[in-house]
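Okay, structure first, notes after.
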Amino acid sequence: MSKKLIVANWKMLPTTLAEAEGVLDLINDYLELLNEKKEFSLVFCPSFVFIEEVGKILKTSHLEHEAELGAQDIAVEDETALTGEVSGAMLQKLGVRYVIIGHSERRWKLGESDQVVNQKLKSAIRNDMVPIVCMGERERDENFSKFLEKQITNTFEGLTSDEISRCIIAYEPVWAISTNPGAHSDTPQSALESISVIKEVFSKIYHLSPKTYLYGGSVNSKNVANFLKEEEINGVLVGGASVNKEEFVKILSLVSKL
Ligand code: 13P
């Protein structure tokens, strides 16, 4: 089985740098224990407040060879007046390699449209970062494939084949994200069905499909192995469980045993 990609989306946690250091310390200790047998690569996406410090920690010790720095968002433009935003150029200077684009919390809670997501995706590509493009339906009904097709068409509008092939797709059904009201758990079968729909849509429109597919609908130590034992699921995007250090180490140890 090829190496799985584990992306930690810390969202607005932890609230202090000391806690963030605590999470990374424990993971570093675990990586030391694992020695040569690492079946995964890691990306940490902290809040902007800690991104510079986390970037420095990721360049040390065992984390240096296994973990990369990611951002949770990026400004639509590089050089303009945009209060509160962080530009791709700024992120690049801090060593950010990956950027989460179009997370459902930004789409649905903050009203980020597909058009804005498309601009952010172009910004990440322009700044030489690997975009982790989130997509997923709000409801699992008979229209879910149509929904995904529209989301893909709008989100990737104007990208070249080469640019599309540089993207990572994170399938995160909104109805499975634990912090959303009425959330309920997904199954690997339904995730595989959606990933297959996404691949078909890419093939139909662009005659190619991105190579890496993550699953992100509330991954934890109880379900991670079920999703990742599927060859077509190349990794996971972990929310809440990635800031709980014991839980995250448990996830990594389960991935090591796949
Ligand atoms: P939780 O894992 O906290 O449910 O969040 C999922 C998610 O949004 C990952 O990006």
### Task
Please find, within segment 135-145, the residue that is nearest to the ligand (Cβ to nearest atom) out of those that are touching a residue at least 12 places away in the same chain (Cβ under 8 Å) and not hydrophobic (A, V, I, L, M, F, W, C).
136
### Leading residue by the ranking (farthest from the ligand (Cβ to nearest atom)) among those in segment 176-194 that are surrounded by fewer than 19 Cβ atoms within 10 Å (Cβ to Cβ) and closer than 19 Å to residue 102 by Cα
180
### Task
Could you tell me which residue of segment 158-194 is modelled with the lowest pLDDT, considering only residues that are β-branched (Val, Ile, Thr) and in a helix (DSSP H, G or I)?
174
### Message
I'm checking my understanding of the structure. Among residues of segment 85-129 that are among the aliphatic types (A, V, I, L, M) and without any contact (Cβ under 8 Å) to a residue 12 or more places away in the chain, which one is surrounded by the fewest Cβ atoms within 10 Å (Cβ to Cβ)?
### Response
110
### Task
Among what's in segment 245-256 and is touching a residue at least 40 places away in the same chain (Cβ under 8 Å) and not aromatic (Phe, Trp, Tyr), pick the residue that is nearest to the ligand (Cβ to nearest atom).
251
### Query
Quick one: how many residues across segment 206-221 are away from the ligand (no atom under 16 Å from the Cβ) and either surrounded by 15 or more Cβ atoms within 10 Å (Cβ to Cβ) or within 16 Å of the chain's Cα centre (by Cα) (or both)?
4
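Being open to solvent by less than 60 Å² (accessible area, probe 1.4 Å), more than 15 Å from the ligand (Cβ to nearest atom) and modelled with pLDDT of 95 or more is true for just one of 197, 224, 238. Which residue is that?
197
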### Message
Being at pLDDT 95 or above, among the acidic types (Asp, Glu) and in contact with a helix residue (DSSP H, G or I) (Cβ under 7 Å, 6 or more places away or on another chain): is that true of residue 85 here?
### Response
no
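Per-residue answers, yes or no, for (1) of a type in the set (D, E, K, R); (2) modelled with pLDDT of 95 or more; (3) open to solvent by less than 20 Å² (accessible area, probe 1.4 Å); (4) over 23 Å from residue 73 (Cβ atoms):
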position: 6; (1), (2), (3), (4): no, yes, yes, no
position: 9; (1), (2), (3), (4): no, yes, yes, no
position: 16; (1), (2), (3), (4): no, yes, no, no
position: 19; (1), (2), (3), (4): yes, yes, no, no
position: 32; (1), (2), (3), (4): yes, no, no, yes
position: 39; (1), (2), (3), (4): yes, no, no, yes
position: 48; (1), (2), (3), (4): no, yes, no, no
position: 53; (1), (2), (3), (4): yes, yes, no, no
position: 56; (1), (2), (3), (4): yes, yes, no, no
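Rundown of residues vs (1) within 30 Å of residue 93 (Cα to Cα); (2) free of Cβ contacts under 8 Å to residues at least 24 places away in the same chain; (3) in contact with a strand residue (DSSP E or B) (Cβ under 8 Å, 6 or more places away or on another chain), yes/no style:
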residue: 133; (1), (2), (3): yes, no, yes
residue: 158; (1), (2), (3): yes, no, no
residue: 171; (1), (2), (3): yes, no, yes
residue: 200; (1), (2), (3): no, yes, no
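The values are calculated or read from the model by the stated rules, or taken from the named source; none is laboratory data. These numbers come from a predicted model, not from an experiment. Neighbour counts run over all protein chains shown; Cβ positions are idealised from the backbone, glycine included. What goes into the accessible areas is simple: the full protein's heavy atoms, side chains included, and nothing from ligands, DNA or RNA. Shrake-Rupley method; radii C 1.70, N 1.55, O 1.52, S 1.80 Å.
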